[in-house]
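A short worksheet on the structure shown next.
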Amino acid sequence: MDGPTLAVGKPRGERADAARNRILLLDTARELMAEQGADKVTMDGLAARAGLGKGTVFRRFGSRAGIFQALLDDEERALQQEILSGKPPLGPGAPPLERLVAYGRARVEFLFEHREIARASLDGGQPIPAGNELPVSRLHIRMLLGLLKPAVADLDVLAVQLAAALDGPLLLMLPVTGADVTRTRDQLARGWTELVERVCG
């Protein structure tokens, strides 16, 4: 039986008008990205296209990176839903080792599919592009490790180490372009499979 996995939820206690503005701004940001690329999306441009005041955009997101963090969070919810109730092996119903392999491969795929948004979500004010911690990822990995019971001294430490192997900002620092993107993505997915099978198999 699978243990609990935390879902990424929408903001709590959000007023109806604030919710409408959030949806409008995220949809508008996606439109601008499709037209111009993520590097050309600005707070001013987003406010103008959405027909809202610049102050509204700043209150909603706080910074340019905040726009992309919100977009990434939106995409993350879809992946989280697959983990919670999707088809195995990513979703419930598969043996825990298969689920752990599938989870890592899905995160690598997710990151490369959304790499433009993920890069733009990094806060330039940070001294190191470490990004935000993904506690949901670590908790899901820890839950699966608890079912697998690998022969290690500390499952919590192993969960942290495995989650770090899927850390988005660090993978996004890899200098890959063009055809190298697909090759690197596939290499990382294979590397994850080999890692967890050796540690937990």
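Quick note: the coordinates plus some simple rules give every number you see, no bench work behind them. Given the structure is predicted, the values throughout are model-derived calculations rather than measurements. Every residue, glycine among them, receives a Cβ derived from its backbone with ideal geometry; neighbour counts consider all protein chains shown.
Couple of notes before you dig in:
- Evaluated at q = 0.15, 0.19 Å⁻¹, a Debye calculation over the C-alpha positions of region 12-62 (equal weights, vacuum) places log10 I(q)/I(0) at -0.37, -0.58.
- Net length gained if the chain between Arg183 and Lys149 were fully extended (0.36 nm per residue, minus Cα distance): 9.0 nm
- Cβ-derived FRET efficiency at R0 22 Å, Glu116 paired with Lys54, nearest 0.05: 0.40
- Taking 0.36 nm per residue of separation and subtracting the Cα-Cα distance, full extension of the segment from Gln36 to Glu14 would add 4.9 nm.
- Note on Lys54: aspartates and glutamates with a C-alpha under 14 Å away, same-chain residues under 8 apart excluded, are Asp44.
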